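Below is one structure, written out as structure tokens; the observations come after it.
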Amino acid sequence: MFISIIRTTLLYILIIIAVRFMGKRQIGDLQTTELVVTMLLSDIASLAVENSSKPLLGGVIPMVVLVVCEIFLSGAMIKNSRLRKLVCGRPKELRRLRMSVEDLSESLRQQDIFSFDDVLFAIVETNGQLSVMKKPEKENPTMKDLNLKSEDKGIEAVIISDGVLSKFSMQLCDVSEEFIKSVLKKEKLNQDEIFIMTINRNKEYNIIKRSEKL
């Protein structure tokens, strides 16, 4: 039993490292090669955990080989568009995929489109996601369309998370620790009382206290 726990823990750590090297995507955004590697990694790991009579290295080596192949192939597809089209395919029109009306309706609703009359063109990308171009008259007006100017406030970053101050976020928003302390003093709060604090480059901030997080 102890050996099984050790094997499972080691494989768990190895899979986390492997996924970290391959990049971070949601399941619905995986390309063909990424999906295949993910499925194979899970199968190899389960076999290595269940069959404790075989050396753990027999499961680790195939996993490492798969990750190396995926990284190499991903790099090659970035440089070679023909290879990418061969492996991942091309975006397709819905009629070429024989997509049902129900499938199309569901995909449109997920993009807040509830009427077919709003759609000018729709295609399914190589990762299976639906891309939709609305008719010009159905598009929401932009600030430019309304001749309005908007102020660039920069990214809103999490400065304090569960009472812990992020040095990286401070650099990202160009704020000092002294400024954070002055804000906390103004709000009559201690750092460990804060669940989340966000701030942007304009020094505009939002605070959620631990007592409010539920």
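The values are calculated or read from the model by the stated rules, or taken from the named source; none is laboratory data. Quick caveat, the model's predicted, so the values are computed rather than measured. All Cβ positions, glycine included, derive from the backbone under ideal geometry; neighbour counts span all protein chains shown.
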Where Thr198 falls short, out of the listed (1) at pLDDT 90 or above; (2) in a helix (DSSP H, G or I); (3) of a type in the set (S, T, N, Q): (2)
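For Lys153, state whether it is modelled with pLDDT under 85 and surrounded by 10 or more Cβ atoms within 10 Å (Cβ to Cβ). Talk me through it step by step, then tell me what you get.
Details: modelled with pLDDT under 85: yes; surrounded by 10 or more Cβ atoms within 10 Å (Cβ to Cβ): yes.
Yes, satisfied.
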Qualifying residue in segment 114-129 (condition: at pLDDT below 80 and either touching a His at 6+ places or on another chain (Cβ under 8 Å) or loosely packed, with under 13 Cβ neighbours inside 10 Å (or both)): no
Lone unmet requirement of (1) more than 22 Å from the chain's Cα centre (by Cα); (2) surrounded by 10 or more Cβ atoms within 10 Å (Cβ to Cβ) for Pro141: (2)
Any chance Met170 is assigned to a helix (DSSP H, G or I), more than 30 Å from Arg84 (Cα to Cα) and at pLDDT below 90: yes
